[in-house]
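In what follows, a structure is listed as structure tokens, so that the remarks can point back to it.
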Amino acid sequence: MTTLPTSDTICARATPPGIAGLAVIRLSGPDAIAIADRHINGRVSPNEAMARTVHQGWWMDGDVRIDEITYVVFTAPKSYTGEHVVEVSCHGGYFVTEQILTSLIGDGARLAEPGEFTKRAFMNGKMDLTQVEAVADILHAESRVGARTAAKQLAGGFTRRLTETREKLIGVLGLLELELDFSEEDVEFVDRTHLRNSVQEIINASINLAGTASSAEVLRSGFTCAVVGFPNAGKSSLFNALLSRERAIVSDVEGTTRDYIEETIHLHGFSVRLIDTAGLRTSSDAIEVQGMVLTRSIIEQANLVVIVNDVSQGLHASASLVDELTRQVGPFDAVVVQNKSDLLQSELSDVGTNDLLVSAKTGSGIDELRDLLYDRVKVSAEGISDVLVNARQAQLLQQLVVCLRSVITGMDEGLSSDYLAVDLRAALRILGDVTGEVWDPDVLEHVFSRFCIGK
Ligand SMILES: Nc1nc2c(ncn2[C@@H]2O[C@H](COP(=O)(O)OP(=O)(O)O)[C@@H](O)[C@H]2O)c(=O)[nH]1
Ligand SMILES: [Mg+2]
């Protein structure tokens with residue numbers, strides 16, 4: 001792998017600023033231990049401290065005691081970054097951490113850029129790009145399942161799969177190259193059916209994996225559910241009922257919700273972004289019209305649309321709205337919720353088993369609606385085991401499939417092994433792009449843009 005020399009020593013607060021029990025400050029680079037040594041006064045100094053054990057001491061600024069701390073020294077290459085690292089735990093709070101950082105900078109350390117510790121870990125071969133991406137996913141995970149899956153990926157789940165694929169491809173390439181060595185004799189001693197099957201297996205696995213990208217996005221960013229309907233259907237009331245608090249204004253004045261309101265609820269470890277939208281109707285009010293335009297774009301981006309129907313107006317009172325929206329934004333995944341069931345004088349004769357009768361006012365049917373949402377989120381996250389495929393990886397997997405399909409077509413057309421080898425080598429290069437073996441500065445910048453300072 002190409003590495004960049006990292007001659008300087010970086011420092012940052014690894015925990016968020018503010019009042020807290022503890023804060024952690026990280027120092028990484030060739031001078032990390034020497035710099036820490038100048039400021040830590042304890043029974044054991046950082047220079048003498050046994051690596052990866054906790055020591056106690058005082059952080060000093062000249063003769064002034066700044067804070068009582070504990071610290072751990074990690075000597076290169078056995079550290080997160082692969083360099084000398086010192087991690088200092090001090091008391092949380094703005095001023096202590098600020099003074100410690102100031103003394104580090106005064107001694108020649110530089111404040112780290114976002115993600116710079118992890119970037120050094122990547123450059124020093126401590127992790128591949130899929131693991132770097134897993135770190136970002138762990139930091140941002142919007143669901144318990146997402147965090148767990150990202151942890152599996154950090155542990156090398158994706159790396160192992162890619163290594164297996166690479167080994168298979170190298171095996172196929174090796175056989176073809178063997179054939180090339182004997183090309184004079186015009187023999188084809190490699191069993192083409194076997195090769196074809198091996199390549200096809202990789203194609204199938206890559207298609208499946210690339211196909212999990214949208215599920216992974218749900219685990220990474222949460223499931224988006226838009227609450228949509230005619231004015232006064234009870235959208236804001238239903239939104240509040242799902243949140244279990246009065247968040248949106250409820251009123252029988254049509255057009256009350258003009259903007260959209262967003263809140264997150266948690267369903268058994270999944271987070272669901274609920275969006276209460278402006279009611280859809282013909283209006284001449286400019287702000288209300290803008291709200292309706294927004295609603296349409298929200299529908300386009302939502303994983304699920306909950307159509308709130310005022311059942312007192314009839315079971316199918318919102319059918320025209322669904323038709324109109326489908327015409328405007330194309331097909332979308334929706335469930336119809338029959339609200340205001342408390343207003344029904346008698347049982348509805350034509351109520352179907354799929355009709356969800358609720359009352360945002362009395363709370364009846366709300367638990368069933370939550371269960372339904374949970375089922376939908378669960379389904380949308382299916383197929384995920386140990387990898388959270390992101391857009392960058394999905395795109396590369398698709399390119400891999402194109403290359404390998406061309407190998408299969410070549411075999412079917414009876415192309416000679418040197419032609420097939422060209423596509424196989426291209427496929428291997430793509431695998432290298434996934435793991436970041438060959439990296440592009442723009443790709444790295446994109447990957448690290450999701451990191452915070454101190455990671
Ligand atoms: N009886 C009854 N009234 C409801 C129910 N849900 C909402 N409402 C009433 O319907 C009116 C419009 O509610 P709101 O939530 O603002 O509707 P939105 O315009 O769709 O957001 C208000 O007067 C609510 O009190 C319900 O389940 N039962
Ligand atoms: Mg409303």
| task | Considering each of Lys378, Lys361, Lys455 in turn, give the residue that is charged (D, E, K, R), buried (at least 18 other Cβ atoms within 10 Å of the Cβ) and in contact (Cβ under 8 Å) with a residue 60 or more places away in the chain. | result | Lys455
| said: Need pairs with beta-carbon distance below 7 Å; first residue more than 15 Å from Gly29 (Cβ to Cβ) and within region 63-78, second of a type in the set (D, E, K, R) and part of a strand (DSSP E or B); sequence gap 6+ or separate chains. | reply: Tyr71/Glu87; Val72/Glu87
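Among the residues of region 276-290, is any of a type outside the set (A, V, I, L, M, F, W, C), closer than 30 Å to Leu219 by Cα and at pLDDT below 90? Even if it seems obvious, please write down each step before you answer.
Filtering region 276-290 for residues of a type outside the set (A, V, I, L, M, F, W, C) gives 276-277, 279, 281-285, 288, 290.
If we keep only those that are closer than 30 Å to Leu219 by Cα too, we end up with 276-277, 279.
Within this subset, residues satisfying the condition of being at pLDDT below 90 are 277, 279.
Yes, the conditions are met somewhere in region 276-290.
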| Residues in region 325-333: is at least one within 16 Å of ligand 1 (Cβ to nearest atom) and surrounded by 14 or more Cβ atoms within 10 Å (Cβ to Cβ)? | yes
| said: Criterion first (away from ligand 1 (no atom under 14 Å from the Cβ), part of a helix (DSSP H, G or I), touching a Cys at 6+ places or on another chain (Cβ under 9 Å) and within 16 Å of Ile307 (Cβ to Cβ)) does Leu373 satisfy it? | reply: yes
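Considering every residue within region 56-79, establish whether at least one is within 26 Å of Glu437 (Cβ to Cβ) and β-branched (Val, Ile, Thr). Before the answer, list the steps.
We begin by selecting, within region 56-79, every residue within 26 Å of Glu437 (Cβ to Cβ); these are 74, 76-79.
The next check asks that each one be β-branched (Val, Ile, Thr); those that pass are none.
No, every residue in region 56-79 fails to be within 26 Å of Glu437 (Cβ to Cβ) and β-branched (Val, Ile, Thr).
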| In region 15-57, which residue that is small (Gly, Ala, Ser) and assigned to a helix (DSSP H, G or I) is surrounded by the fewest Cβ atoms within 10 Å (Cβ to Cβ)? | Ala34
| task | Select, from Thr81, Thr75, the only residue that is assigned by TED's automatic domain parsing to the domain that holds Arg110, among the polar types (S, T, N, Q) and touching a Lys or Arg at 6+ places or on another chain (Cβ under 6 Å). | result | Thr81
| field | In region 237-255, the residues that are within 8 Å of ligand 2 (Cβ to nearest atom) and without any contact (Cβ under 8 Å) to a residue 24 or more places away in the chain | value | Ile249, Val250, Ser251
| request: Residue by residue through region 250-263, note down the ones that are near ligand 1 (Cβ under 7 Å from one of its atoms) and of a type in the set (A, V, I, L, M, F, W, C). | output: Val250
| request: Would you be able to tell me the number of residues in region 216-236 that are within 10 Å of ligand 2 (Cβ to nearest atom) and crowded, with 21+ Cβ neighbours inside 10 Å? | output: 7
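Conditions (1) within 16 Å of ligand 2 (Cβ to nearest atom); (2) over 34 Å from the mean Cα position of the chain (by Cα); (3) outside the structural domain of Asp252 (by TED's automatic domain parsing); (4) of a type in the set (S, T, N, Q), marked per residue:
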residue: Gln328; (1), (2), (3), (4): no, no, no, yes
residue: Ser341; (1), (2), (3), (4): no, yes, no, yes
residue: Glu347; (1), (2), (3), (4): no, yes, no, no
residue: Asn354; (1), (2), (3), (4): no, no, no, yes
residue: Asp375; (1), (2), (3), (4): no, no, no, no
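For every residue, the table says whether it meets (1) over 14 Å from Ile170 (Cβ atoms); (2) out of contact with any His (no Cβ under 7 Å at 6 or more places or on another chain); (3) without any contact (Cβ under 8 Å) to a residue 12 or more places away in the chain; (4) part of a helix (DSSP H, G or I).
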| site | (1), (2), (3), (4) |
| --- | --- |
| Thr409 | yes, yes, yes, yes |
| Arg425 | no, yes, no, yes |
| Leu431 | no, yes, no, yes |
| Val438 | yes, yes, no, no |
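Considering only region 218-245, state which residues are within 16 Å of ligand 1 (Cβ to nearest atom) and part of a strand (DSSP E or B).
Kept after step one, since they are within 16 Å of ligand 1 (Cβ to nearest atom), are these residues of region 218-245: 225-245.
The answer is Cys225, Ala226, Val227, Val228, Gly229.
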| Just to be sure, is Ala150 outside the structural domain of Cys403 (by TED's automatic domain parsing) and touching a helix residue (DSSP H, G or I) at 6+ places or on another chain (Cβ under 8 Å)? | no
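Does Ser346 fit the bill of being polar (S, T, N, Q), without any contact (Cβ under 8 Å) to a residue 60 or more places away in the chain and more than 23 Å from Ser214 (Cα to Cα)?
Answer is yes for this residue.
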| Hey, Ser215 among the polar types (S, T, N, Q), assigned to a helix (DSSP H, G or I) and at pLDDT 90 or above or not | no
| message | Being within 16 Å of ligand 1 (Cβ to nearest atom) and loosely packed, with under 15 Cβ neighbours inside 10 Å is the filter here; which residues of region 334-347 pass it? | response | Leu343, Leu344, Gln345, Ser346
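Test Ala210 against the criterion of being farther than 21 Å from Glu300 by Cβ, of a type outside the set (Val, Ile, Thr) and within 11 Å of ligand 1 (Cβ to nearest atom), and give yes or no. If you could, list the steps in order and put the result at the bottom.
On the way: farther than 21 Å from Glu300 by Cβ: yes; of a type outside the set (Val, Ile, Thr): yes; within 11 Å of ligand 1 (Cβ to nearest atom): no.
Spelling it out, it is not the case that Ala210 is farther than 21 Å from Glu300 by Cβ, of a type outside the set (Val, Ile, Thr) and within 11 Å of ligand 1 (Cβ to nearest atom).
The values are calculated or read from the model by the stated rules, or taken from the named source; none is laboratory data. Because the structure is predicted, anything quoted here is derived from the model rather than measured. Glycine also receives a Cβ, built like all others from the backbone with ideal geometry; neighbour counts cover every protein chain displayed.
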